[in-house]
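Below: the structure, in structure tokens.
The values are calculated or read from the model by the stated rules, or taken from the named source; none is laboratory data. No experiment lies behind these values; they were computed from the predicted model shown. As a convention, Cβ positions derive from the backbone with ideal geometry for all residues, glycine included, and neighbour counts pool all protein chains shown. Just so you know, the surface numbers come from the protein's heavy atoms only, side chains and all, with ligands and any DNA or RNA stripped out. Shrake-Rupley method; radii C 1.70, N 1.55, O 1.52, S 1.80 Å.
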Amino acid sequence: MKKIDAFRLLGLAGLASLVTLPSYAQDRGYYYGGLSLGQSRATIDEDRITANLLARGLTTRAMDFDERSIAYKAFGGYQFNQYFAVEGGYFNLGKFGFTSTTVPAGTLDGRMKVQGLNLDVVGTLPLTERLSAIGRVGAQYASTRDTFRGSGAVGVSDPSPSKRAANYKVGLGLQYAFSPSFLVRGEGERYRINDAVGNRGDVNVFTVSLVFPFGRAPSPAPQPLASAVYAPPPPAPVATPAPAVAPAPLAPVATAPARHRVSFSADSLFGFDESAVRPEGRSELDRIGRELADTQFDVVTVEGHTDRLGSRAYNEKLSLKRAEAVKAYLVTSGGLNPAKVSAVGMGASNPVTKPGDCKGSTRKAELIACLQPDRRVEVEVAGTR
């Protein structure tokens, strides 16, 4: 076999949604295991085989190749943080072969099987909360077993040669986290292999892997905030002395519309990495919709808020999408006048937590849980019953 000219990388179809709030606790190390299945490909060195036969007085009349096979892996590793892991495992790259027909009449049939062990350093680059690019470089110790059979004018002196050798391997791919305990990878890898008859070359492998982390801490379960209703106190009664004569009628005093504000935990309204309102959140919004149905209101303002994790632009975009989702639900399910309902994305500009309450900047589970009150959607109503 010889080096393949093109090394094409396998990509996963579909990108994760950018609308997400909490993140997995990837800064805490965890062990994982997994299985891979895919296709391997090698290139049979036709020129080398033809030259060897010609040196023995045989001319190649035709040659058939079997350059593709099924490959699989079993692996385990330790993820030190969200950027770095060490991984080892067993690989089987499958079987490859050829059949050559010669003149004088004869045939030469060759088969090669490759399997071994590997140890890799795996780097991870998060692209979104769930989607990451991965790259690997490592060492592998492969056992290559060849089988040759000849007929007619072709004789075989060593029908079962074998070779064991250490070499390098590299790979690139994508990884998607469906949950803290289940990930899927799509990868392309290249193994440098020595066969049993003195040839060196590459075997390219394209696989899909199922990865199962052990003891990986998820984000804390969402807990709805208690509804807080704010309203100005009623004016205190004013005592007036009895006049000697009938007082002149007082001019009517214009009063500002009554306001009240209700706050919801964004974790209770939305699922992870989603902007659609969850069934649990719909019941809370339905209650607000029923109350507003009996209210003569001037305006309803829906404000989305995030915690301080993430960039400013990302948080503002996220908070606005969540606010718009709540507005759309109140309009469609609650029957509110869309002209009187507005949605605003506040980002992380108005946190509930104080600066000293939640220390740290990395996305650990403890910090995410501490900042939970900041992730919210507030509905403010201006009007009177």
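Tabulated data for the structure shown
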| quantity | calculated |
| --- | --- |
| Nearest-0.05 FRET efficiency for Glu291 and Ala369, computed from C-beta distance (R0 41 Å) | 0.85 |
| Using θ = phi - 60° and Karplus 6.51 cos²θ - 1.76 cosθ + 1.60, couplings along the range 155-172 (whole Hz; Gly, Pro as x) | x, 10, 7, 10, x, 9, x, 9, 8, 10, 7, 9, 8, 9, 8, 9, x, 9 |
| Approximate spin-label separation Val86-Arg48, in nm, with each point projected 7 Å along Cα-to-Cβ | 3.4 nm |
| Distance in nm between pseudo-label sites at Arg111 and Asn337 (7 Å out along the Cβ direction from Cα) | 8.1 nm |
| Amide H contacts under 5 Å for Thr353, placed H, 5+ residues apart | Asp374 |
| Set of the range 109-125 residues, backbone N closer than 17 Å to the point 7 Å along the Cα-Cβ line of Arg56 | 109-112 |
| Which of Arg28, Arg130 is most accessible, then next, and so on - probe 1.4 Å | Arg28, Arg130 |
| Nonlocal amide H pairs with Val156, under 5 Å, H built at 1.01 Å | Gly150 |
| Length added when fully stretched, Arg282-Val121, from 0.36 nm per residue minus Cα-Cα | 53.4 nm |
| Eligible lysines near Lys95 by straight Cα distance, threshold 29 Å, same-chain separation 8 or greater | Lys2, Lys3, Lys73, Lys113, Lys163, Lys169 |
| Share, in percent, of DSSP beta bridges within the range 275-380 that are antiparallel, nearest 5 | 50 percent |
| Accessible surface, per residue, of the range 100-198 when the full set of protein chains is kept, probe 1.4 Å, Å² | 42 Å² |
| Set of aspartates and glutamates with alpha-carbon distance to Lys317 below 18 Å, sequence-local pairs under 8 removed | Glu129, Asp267, Asp273, Glu274, Glu303, Asp307, Asp374, Glu378 |
| Which of Ile70, Thr59, Gly29, positive extreme of dipole for the range 28-83 (C-beta unit charges) | Gly29 |
| In order through the range 188-202: 3J(HN,Hα) via Karplus (6.51 cos²θ - 1.76 cosθ + 1.60), integer Hz, x for Gly, Pro | x, 10, 10, 10, 8, 10, 9, 8, 7, 10, x, 9, 10, x, 10 |
| Spatial separation of Cα centroids for the range 92-165 and the range 343-377, in angstrom | 53 Å |
| Integer Hz, Karplus 6.51/-1.76/1.60 couplings in order for the range 111-125, x for Gly and Pro | 9, 9, 10, 10, 8, x, 10, 9, 9, 10, 9, 10, x, 10, 10 |
| Per-pair calculated FRET efficiency, R0 = 51 Å: Lys359 and Ala166 via Cβ, rounded to 0.05 | 0.60 |
